[in-house]
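The values are calculated or read from the model by the stated rules, or taken from the named source; none is laboratory data. Source: prediction; values computed, not measured. All Cβ positions, glycine included, derive from the backbone under ideal geometry; neighbour counts span all protein chains shown. Please note that ligands, DNA and RNA were not included when accessible areas were found on the heavy atoms of the full protein model with its side chains. Shrake-Rupley method; radii C 1.70, N 1.55, O 1.52, S 1.80 Å.
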Amino acid sequence: GMNAAVRAVVRMGIYVKAKVYFVYEGYQGMVDGGDNIVEVSWESVSSILQVGGTVIGSARCKSFRTREGRLQAAYNLVQRGITNLCVIGGDGSLTGANLFREEWSGLLEELAQKGKIDEEAVKKYAYLNIVGMVGSIDNDFCGTDMTIGTDSALHRIIEVVDAIMTTAQSHQRTFVLEVMGRHCGYLALVSALACGADWVFIPEYPPEEGWEDSMCVKLSENRARKKRLNIIIVAEGAIDCHNKPITSEKVKDLVVQRLGFDTRVTILGHVQRGGTPSAFDRILASRMGVEAVLALLEATPATPACVVSLSGNQAVRLPLMECVQMTQEVQKAMDEGRFVEAVRLRGRSFENNLNTYKLLSHKKPDAELPKTNFNVAVLNVGAPAAGMNAAVRAAVRVGITEGHKMFAVIDGFEGFSRGKIKEISWGDVGGWTGQGGSILGTKRTLPAKYLEKIADQMRTNNINALMVIGGFEAYLGLLELSAAREKYDEFCVPMVMVPATVSNNVPGSDFSIGADTALNTITDVSLFCEVSSAQKKNNLYLFLALLAIQLLRATGADAAYIFEEQFDIRELQANVEHLTEKMKTSIQRGLVLRNENCNENYTTDFIYQLYSEEGKGVFDCRKNVLGHMQQGGAPSPFDRNFGTKISAKAMQWISKKLQETYRKGKVFANTDDSVCLLGMRRRNLVFQPVAELKNETDFVHRIPKEQWWLKLRPLMKILAKYKTSYDVSDSGQLEHVAMHSPKEAETGAI
């Protein structure tokens, strides 16, 4: 994802009429100067969005740690008139940048005293502005929910885990996977959450005394339940409660000696750093890169060095050193054995991950579980979306932990009306996290014509609450059930919807389960086409896709035609002319996207023929209709994680509502706030009554009236070299790093 950030900084910098320079090989290149600091053009960052690693290189630099080295670096920058630095790296790189900024005026005075620069240069370049972006696969920097590169590393890990699970199941083996994370267990923890691992070891949360016995009992119990494999994930920096290392080999030897299980160790190593960046990382890095340029433009001598971070779905700016100091506090807390404090300092997202994993991975003995006598049904509605099964698994296991009896409804509302409902246990949902589609089955049928039959089934099975996982049909279904409460008391129960659709068109939520997987599927296909286009030269690919605007961000496409932004023949002509001029440069490939319902007249075939005709002699055109492949495949790490945590939270809401509405031996809930949708809104997960969301909904076109991502449309046009304006009113403002209480981890970030 670093290259996506580099591309965004370069192109946004050129857009605001600034000179932009590459500094090759990190601080070493800044110290060495010469050809390591080069002015770049728009074309310099073409075709790097999908490339892993960093095209400008990175290197550790001992000389920059000395004042002499920083003095030489300052001289090299002044020679080129550079007074704004965008630094992509970890806390060490960013700390070095802040020190460089603090010393800047003194370094310039020293250069003047030595006669290397004149007094005019000292005055002209008196201040150095610094903005940081965190590039680290470990996600070990406090102040941001995700760092650039983390999601791609999770993709590499989950790809390996999914592959290993098939061989482990075939041979009834136990696999111990060692992943990166010398000082931070984020990769290990989220990987464990995303694949349903039996056990995980991380540095922030060492196992209690006697963990060896507890783990072996857990593995044995799973085998006794006919589970044919065990997965144990170990962070490379895992420790016990005495700060002694727990290695993958130690865990393997323990399992072999105590249980006699056939056990293998797989150490992923640097494979986690490589490969093509995920769609999430490309989009995150692009947004951060643009925000970094805006921060530099707005910086004053009094502005502290800042780092661009992600909070929920918002780009924010935080004082760099506040983040660095908190990051260092985490390590200090671990060194001193204050592990609860270390987890809290990692932030809400990390703490929420840990709490959810503990909730879902270890089943308490039946004697220790509470008994509520409530029956809760779970069903999928609408088209299948990757991550639905992870959401069902979380709902079932949290429900059982809360003391409820859980029921699974097969084939949505239609299946419900036919009595296709059965009790589902903890073990029944084992291994569901990584499976695509909907194991329960799902249909688009709405409940209106089956209301009486569904009410009969709810009465027969004594269903006290409903969780509906799905897309726009699920939303409409809850509205219909809510409206039917006047006629059927059976629907006067708590009902909650968890959004799951590749179209990401559910009102009340910025994200839906399944959209990230679909984006990655389309992005992968576009990469294959881009490679083909680059080899053949002067090729244009036209895609029909559900997620055109999101894909525009992830692939760096030249144009995207969407329903939400009406277009006419004049815009099509302008796009063709823009692409024709581009093809005459060194960038000889293109990508155009069309949403399937963007315009009834300007069809995919029409646009294909238009580009083919107008591009004669300059470029060739190909088209590709992706269709239902966008709904298939194994869910991405994001969708597994998002689906798991949002569903767990929804089930906890149901438990709370059941207690609130239980009166005189019966559950009776008929208020608007007892039928809610749980969605991600900017920075937080929010429960919203579906009745209140009606005013935000365009029912004719089945979309929210306002789409948050449309604000990014001008940004993507800028990065594709269109002349357009950019509204900075929604850009991040400098905030302070917020400390949170343990309770906050339950209420906020994904």
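The table below gives the values:
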quantity	calculated
Answer residue from the stretch 358-374, given it is open to solvent by 40 Å² or more (accessible area, probe 1.4 Å) and over 33 Å from the mean Cα position of the chain (by Cα) and is farthest from residue 232 (Cα to Cα) among those	373
Number of positions in the stretch 225-255 that are in a helix (DSSP H, G or I) and under 22 Å from residue 166 (Cβ atoms)	4
Qualifying residue in the stretch 296-312 (condition: open to solvent by less than 10 Å² (accessible area, probe 1.4 Å), part of a strand (DSSP E or B) and among the small types (Gly, Ala, Ser))	yes
Qualifying residues in the stretch 698-736 (those that are among the small types (Gly, Ala, Ser) and more than 30 Å from residue 321 (Cβ to Cβ)) - the one modelled with the lowest pLDDT	725
Residue satisfying condition, being within 25 Å of residue 480 (Cβ to Cβ), open to solvent by less than 10 Å² (accessible area, probe 1.4 Å) and modelled with pLDDT under 95, within set 408, 385, 377	385
Qualifying residue in the stretch 201-209 (condition: within 26 Å of residue 516 (Cβ to Cβ) and buried (at least 17 other Cβ atoms within 10 Å of the Cβ))	yes
Unmet requirement for residue 344, which otherwise passes all of (1) in the same structural domain as residue 463 (by the TED database); (2) open to solvent by 10 Å² or more (accessible area, probe 1.4 Å)	(1)
Of all residues making up the stretch 297-347, the number that are over 25 Å from the mean Cα position of the chain (by Cα) and at positive phi	1
Identity of the residue in the stretch 685-721, among the β-branched types (Val, Ile, Thr) and part of a strand (DSSP E or B), that ends up most open to solvent (accessible area, probe 1.4 Å)	686
Residue ranges of strands (runs of 3 or more DSSP E) in the stretch 557-666 with at least 3 members open to solvent by less than 60 Å² (accessible area, probe 1.4 Å)	559-561, 589-595
Hey, residue 292 in a loop (DSSP other than H, G, I, E, B) and among the small types (Gly, Ala, Ser) or not	no
Matching residues, the stretch 120-151, being open to solvent by less than 10 Å² (accessible area, probe 1.4 Å) and either among the hydroxyl-bearing types (Ser, Thr, Tyr) or in a helix (DSSP H, G or I) (or both)	147, 150, 151
Within the stretch 489-513, tally of residues that are modelled with pLDDT of 95 or more and of a type in the set (Phe, Trp, Tyr)	1
Residue satisfying condition, being under 25 Å from residue 18 (Cα atoms), within 29 Å of the chain's Cα centre (by Cα) and open to solvent by 20 Å² or more (accessible area, probe 1.4 Å), within set 105, 93	93
Boolean, residue 248 is touching a residue at least 60 places away in the same chain (Cβ under 8 Å), closer than 16 Å to residue 151 by Cβ and open to solvent by less than 10 Å² (accessible area, probe 1.4 Å)	no
Residue identified as closer than 27 Å to residue 290 by Cβ, of a type in the set (A, V, I, L, M) and in contact with a helix residue (DSSP H, G or I) (Cβ under 7 Å, 6 or more places away or on another chain) among 651, 716	716
The stretch 40-57 residues that are open to solvent by less than 30 Å² (accessible area, probe 1.4 Å) and of a type in the set (A, V, I, L, M, F, W, C), paired with ones that are at pLDDT below 90 and in a loop (DSSP other than H, G, I, E, B) (beta carbon under 8 Å, 6 or more apart)	42/721; 49/556
Members of the stretch 155-188 found to be open to solvent by 10 Å² or more (accessible area, probe 1.4 Å), at pLDDT 90 or above and part of a loop (DSSP other than H, G, I, E, B), listed by number	180
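Condition check ((1) touching a helix residue (DSSP H, G or I) at 6+ places or on another chain (Cβ under 7 Å); (2) open to solvent by less than 10 Å² (accessible area, probe 1.4 Å)) across all residues:
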residue: 435; (1), (2): yes, no
residue: 438; (1), (2): yes, no
residue: 444; (1), (2): yes, no
residue: 450; (1), (2): yes, no
residue: 461; (1), (2): no, no
residue: 468; (1), (2): yes, yes
residue: 476; (1), (2): no, no
